[in-house]
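Student: I'd like to ask some things about the structure below.
What follows is calculated from the coordinates using simple rules that are stated; it is not laboratory data. Model, not experiment: these values are computed from the prediction. Because the Cβ atoms are built from the backbone with ideal geometry, glycine has one as well, and the counts that use them run over all protein chains shown.
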Amino acid sequence: MDSQEQIKLIESVREGNTLTLRLSGDWSLRESKPEFNTIKDTFPEGKSIQGIKFDVSQLVTWESGLLTFLLKVIDYGKERGLEVYVDSLPDNMQRLLRLSQEVPEKEDVGKRNEEHGFLPRLGKWGISIYDGGVDFTRFFGEVFLSVLKLLSGRYHMRWGDFFVIIQETGAKALPIVSLIALLIGLIVAFLGSVTLARFGAEIYVSYLVAYGILREMGAIMTGVIVAGRTGAAFAAQIGTMKVTEEIDALKTMGISPVDFIVMPRMLALIIMMPLLVLYADLIGIIGGLLVSTLLLDFSVYQFLEGMNEAVALPDFYIGLFKGTIFGILIAISGCLRGMQCGNSADAVGLAATSAVVTGITLIIFANAVIDWIAAIHGI
Amino acid sequence: MMNAISQPKIEVRGMDLAYGSFVVMRDLKFSVKQGEIMIIMGGSGCGKSTLLKHLIGLIDPVRGDILYDGVSFVNADLDKKQNTLRTFGVLYQAGALWSSMTLEENVALPLEEYTKLSSSEIREIVSFKLSLVGLKGFEAFYPSEISGGMRKRAGLARAMALDPEILFFDEPSAGLDPISSRRLDDLILQLRDSLGSTVVVVTHELASIFAIGDNSIFLDGESRTMTAMGNPNELFKNPPNENIRYFLSRGEKAN
């Protein structure tokens, strides 16, 4: 803002005990306006002035910007005990000023005085972590109760909903699982051929593909895909149901949201995840087979023979077992984040994001734990 | 219905409502008789809907108790609470229909969960309930395919599915045109008269308040407590305080 313009917009003239602010020119929102603080400094100090008047005869246009400026002048006047004469302002301007001052600021609404220092934020962070832990524990407890109900045969499954979820999480995930699994198979085979070639051991590519895909990559990649696809969808669905009071409607009908929403989703994933992993294993191995036969000139027989030596049935079972565990983790993180969702569109987005992050983190962590236990037991 | 005269259907005793440390309402005391239409009124943001959420068990009060048929609801264990909840019908502000289900499935769900009716019997009841709210023929529609007013009426059909003893309405006329809003009022009166249900309505629509209210309480946002109780027409004639007179006369200044 250049000072010439400021002079154009405002000028303070002292007449005896009163100070007249002469406003002129264009005070629209698009134009830059003088800061009140810089104008204030040009006011004469001390008790020499007792009132402030306005002269708006030269004013061309004005918008809210002028009003906020005037409010600052009025506040300044109140602070210093000066009389501020607004009667020379146009009627509509006076009316707006009065309207804005009519309802006093509500002071005990409990939002204003939030502290922004390090300690208050640390404290709030601690409390939110604690609340999250309580939420998780409660949710887990409710899920556990529902599982007990299921085991004791008192759970009433809505089969229609269940099969829709099965289709949504299982069959509809096949294209993306095919693509990713095939690529992972190709990549593992490439990686193997490049590194093993240095030792003249390309023949072991099939070992690497079979062992890597069956034990690790098949389950992990499927888990990541399903966490991104289905976990996010669960969180967004449930979050939206919370915003539209659909969850409340269930509760007040005496229907537990965990029974009604979480259980079918969790059971669907427990069933579909191992099947998807099985499928991903198959496609991944086909990917490795393609690389070995087309690029490395092995025969299909050689590849399968190598596989047969490298892996045993337990390797394959471990992959499926991981898939089942990942399914439970994805369902729990998706549903939990959905249930924790706040009451806005923003919150639904956050719930979906955090469902994916939680899901993938848990999958990787669980994978490490399972591998570790398997290593201890020599499986 | 046995204790229709002696015992209030709903009784609220010295209840405080709060979100965390922010107290919304203090010291609420009122009772609702069997078959009565009770209006909870007050300005926007004064805590009407919060009170409703307490009454239907979505939030626990920080102090005080709610009794249904003389039995404490707040201190009941989970199973008892669920059983009490099953005698309620709640119409939410925007209907809160389950969006993944058709209207028929929405209304049928409580029947499937809590009755041993066959599916053909359920279908008959569902289409009867939908016809009561003027939505016969819309069974196969999803909530997203119908208008806001229709969604509200469908929500009412769902709330009535199990012939509830108490019906709760959260701002039934919000977002409805005057005629639909009037029709909904008539519907509420008819339901009360024919089913004998007790009705609790949260609203600030003056026309509805005067048309359907047998009894009412006024929540005052400034003093954060209820400042009046009684028939709304009586309260209008003899207002016990300035705020309620101001509210019921749509902000007329005293003369």
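Student: Write down the percent of antiparallel bridges among all DSSP beta bridges whose residues are both part of chain A, to the nearest 5.
Tutor: Numbers: 6 of 17 bridges.
Counting DSSP beta bridges with both partners in chain A, the antiparallel share is about 35 percent.
Student: Using alpha carbon centroids, what distance separates the stretch A:135-208 and the stretch A:321-351, in Å?
Tutor: What the calculation gives is 16 Å, centre to centre.
Student: Mind running the shape call on the stretch A:257-379? Use the C-alpha gyration tensor, a ≥ b ≥ c as the square roots of the eigenvalues: rounded below 1.5 for a/c, prolate if a/b tops b/c, oblate otherwise.
Tutor: Details: a/c = 2.79, a/b = 2.15, b/c = 1.30.
Prolate, because a/c is 1.5 or more and a/b exceeds b/c.
Student: Please report the relative contact order for chain A, taking Cα pairs under 8 Å with a sequence separation of at least 6, and give it as a percent rounded to a whole number. Walk me through the intermediate numbers first.
Tutor: Details: 465 pairs, mean separation 63.2, N = 379.
In percent, rounded to a whole number, it is 17.
Student: Once the mean 1/r over all distinct Cα pairs of the stretch B:170-217 is inverted, what Kirkwood radius in angstroms do you read off?
Tutor: Details: mean 1/r = 0.0912 Å⁻¹.
About 11.0 Å, per the Kirkwood formula over Cα pairs.
Student: If one takes the longest principal axis of the Cα atoms in chain B, at what angle in degrees, from 0 to 90 and to the nearest 10, does the Cα axis of helix B:119-132 lie?
Tutor: Once rounded, the angle reads 40 degrees.
Student: More than 20 Å apart: what percent of Cα pairs in the stretch B:64-133 qualify?
Tutor: Numbers: 1080 of 2415 pairs.
The answer is 45 percent, as a whole percent.
Student: If we count GluC sites (Glu not before Pro) as exposed when they sit in a DSSP loop and have at most 14 other beta carbons within 10 Å, what is the longest stretch of chain B that avoids them all?
Tutor: Details: sites that count: B:GLU222, B:GLU252.
Counting at most 14 other Cβ atoms within 10 Å as exposed, the longest clean stretch of chain B is B:1-221.
Student: Which of the trypsin sites (Lys or Arg not before Pro) across the stretch B:92-165 are loop residues per DSSP, with 14 or fewer other Cβ within 10 Å? Intermediate values should be presented prior to the final figure.
Tutor: Values: sites: B:LYS116, B:ARG123, B:LYS129, B:LYS136, B:ARG151, B:LYS152, B:ARG153, B:ARG158; in loops: B:LYS116, B:LYS136.
In loop regions of the stretch B:92-165 (DSSP not H, G, I, E or B), the sparsely surrounded trypsin sites (Lys or Arg not before Pro) are B:LYS116, B:LYS136.
Student: Provide the net charge surrounding A:GLY228, with neighbours chosen by a C-beta distance below 15 Å and charges set as Lys +1, Arg +1, Asp -1, Glu -1. Let's see the in-between values first.
Tutor: Values: positive: A:LYS172, A:ARG229, A:ARG337; negative: A:GLU168.
Once all neighbours under 15 Å are counted, the net charge is +2.
Student: For the stretch B:162-243, give me the percentage of DSSP beta bridges that are antiparallel, rounded to the nearest 5 percent. Walk me through the intermediate numbers first.
Tutor: Values: 5 of 10 bridges.
Antiparallel: roughly 50 percent of the beta bridges in the stretch B:162-243.
Student: Would you mind computing Rg(Cα) / (2.2 N^0.38 Å) for chain A, counting N as its residues? Don't skip to the answer; put the middle values down first.
Tutor: Details: Rg = 34.6 Å, N = 379, 2.2 N^0.38 = 21.0 Å.
Scaled against compact globular proteins, the figure is 1.65.
Student: Taking the DSSP beta bridges in the protein assembly as shown as the whole, what percent of them are antiparallel, to the nearest 5?
Tutor: Working: 25 of 54 bridges.
Close to 45 percent.
Student: What order do you get for A:HIS377, A:HIS156 when you list them from fewest to most C-beta neighbours inside 10 Å?
Tutor: Values: A:HIS377 7, A:HIS156 12.
Ordered from fewest to most neighbouring Cβ atoms within 10 Å, A:HIS377, A:HIS156 come out as A:HIS377, A:HIS156.
Student: Quick one: putting +1 on the C-beta of Lys and Arg, -1 on the C-beta of Asp and Glu, what dipole do you get for the protein assembly as shown around its Cα centre, in Debye to the nearest 20? All intermediate terms of the calculation are to be shown ahead of the outcome.
Tutor: Numbers: 58 positive and 72 negative charges, 122 e Å.
Here the protein assembly as shown has a charge dipole of around 580 debye.
Student: Still on this structure, please answer the following. Between A:GLU305 and A:ASN37, what length in nm is gained on full extension when 0.36 nm per residue of separation is reduced by their alpha carbon distance?
Tutor: Working: separation 268, 0.36 × 268 = 96.48 nm, distance 8.42 nm.
Gain in length upon complete extension: 88.1 nm.
Student: Please give the net charge around B:LEU28, taking every other residue with its beta carbon less than 12 angstrom from that of B:LEU28, where Lys and Arg add +1 and Asp and Glu add -1.
Tutor: Details: positive: B:ARG13, B:ARG26, B:LYS29, B:LYS48, B:ARG63, B:ARG224; negative: B:GLU11, B:ASP16, B:ASP27, B:ASP65, B:ASP220.
After counting each charged neighbour, the total is +1.
Student: Follow-up. Would you calculate the separation in nanometres between label points at A:LEU282 and A:LEU96, each defined as 7 Å from the Cα along the Cα-to-beta-carbon direction?
Tutor: For A:LEU282 paired with A:LEU96, the spin-label model returns 7.1 nm.
Student: Let me ask something else. Just to compare against my own numbers: the Cα pair-distance distribution for the stretch A:171-232, 5 Å bins, whole % per bin, please.
Tutor: 4, 19, 24, 19, 14, 10, 6, 4, 1, 0
Student: Using a ≥ b ≥ c from the Cα gyration tensor of the protein assembly as shown (square roots of the eigenvalues), is it rounded, prolate or oblate, where a/c under 1.5 gives rounded and otherwise the larger of a/b and b/c decides, a/b for prolate? Write down the numbers at each step before the final one.
Tutor: Numbers: a/c = 2.72, a/b = 1.37, b/c = 1.99.
Taking the square roots of the gyration eigenvalues as a ≥ b ≥ c, the protein assembly as shown is oblate.
Student: Here's another thing I want to ask about it. For chain A, which longest stretch is free of loop sites, where a loop site is one of the GluC sites (Glu not before Pro) that DSSP puts outside H, G, I, E and B and that has at most 11 other Cβ atoms within 10 Å? If you can, show how the numbers build up before the last one.
Tutor: Details: sites that count: A:GLU45, A:GLU105, A:GLU107, A:GLU114, A:GLU115.
With a cap of 11 other Cβ atoms within 10 Å, the longest stretch comes to A:116-379.
Student: Next question. Count the net charge of all other residues whose Cβ sits under 14 Å from the Cβ of B:VAL107, scoring Lys and Arg as +1 and Asp and Glu as -1. Spell out each step's value before the answer.
Tutor: Details: positive: B:ARG123, B:LYS129, B:LYS136, B:ARG151, B:LYS152, B:ARG153, B:ARG158; negative: B:GLU104, B:GLU105, B:GLU112, B:GLU113, B:GLU121, B:GLU124, B:GLU139, B:ASP163.
So the surrounding residues net to -1.
Student: Mind checking the angle between helix A:263-290 and chain A's longest principal axis? C-alpha axes, 0 to 90 degrees, to the nearest 10.
Tutor: For helix A:263-290, the angle is close to 60 degrees.
Student: Note the angle between two axes, namely the Cα long axis of helix A:300-310 and the longest principal axis of the Cα atoms of chain A, as a number of degrees from 0 to 90, rounded to the nearest 10.
Tutor: 80 degrees
Student: Then there's this: Could you pull the Rg and Dmax for the stretch A:170-295, using just the Cα atoms, both in Å?
Tutor: 20.0, 69
Student: As a test of the formula, what do you get for chain A when each DSSP H run with n ≥ 4 contributes -39,500 (n - 2.57) and the sum is divided by the residue count, at 222 nm and rounded to the nearest 500 deg cm²/dmol? Walk me through the numbers on the way to the answer.
Tutor: Numbers: 15 runs with 243 residues, N = 379.
Mean residue ellipticity at 222 nm (helix-derived): -21500 deg cm²/dmol.
Student: For the stretch A:105-251, would you read off the P(r) tail past 29 Å as a percentage of all alpha carbon pairs?
Tutor: Details: 5565 of 10731 pairs.
Percentage above 29 Å: 52.
Student: Test of understanding: express the Cα radius of gyration of the stretch A:317-363 as a ratio to 2.2 N^0.38 Å, with N the residue count.
Tutor: Working: Rg = 12.4 Å, N = 47, 2.2 N^0.38 = 9.5 Å.
So the Cα radius of gyration is 1.30 times the expected 2.2 N^0.38 Å.
Student: Per residue of A:240-251, count partner chain C-beta atoms within 10 Å of its C-beta, then hand back the mean as an integer.
Tutor: Working: counts 1, 4, 0, 1, 9, 10, 11, 3, 8, 13, 5, 6.
That average works out to 6.
Student: Indicate the gyration tensor shape class of the stretch B:115-202 (rounded, prolate or oblate), computed on the Cα atoms with a ≥ b ≥ c the square roots of the eigenvalues: a/c under 1.5 is rounded; otherwise a/b larger than b/c is prolate and the rest oblate.
Tutor: Values: a/c = 2.04, a/b = 1.19, b/c = 1.72.
Verdict is oblate for the stretch B:115-202.
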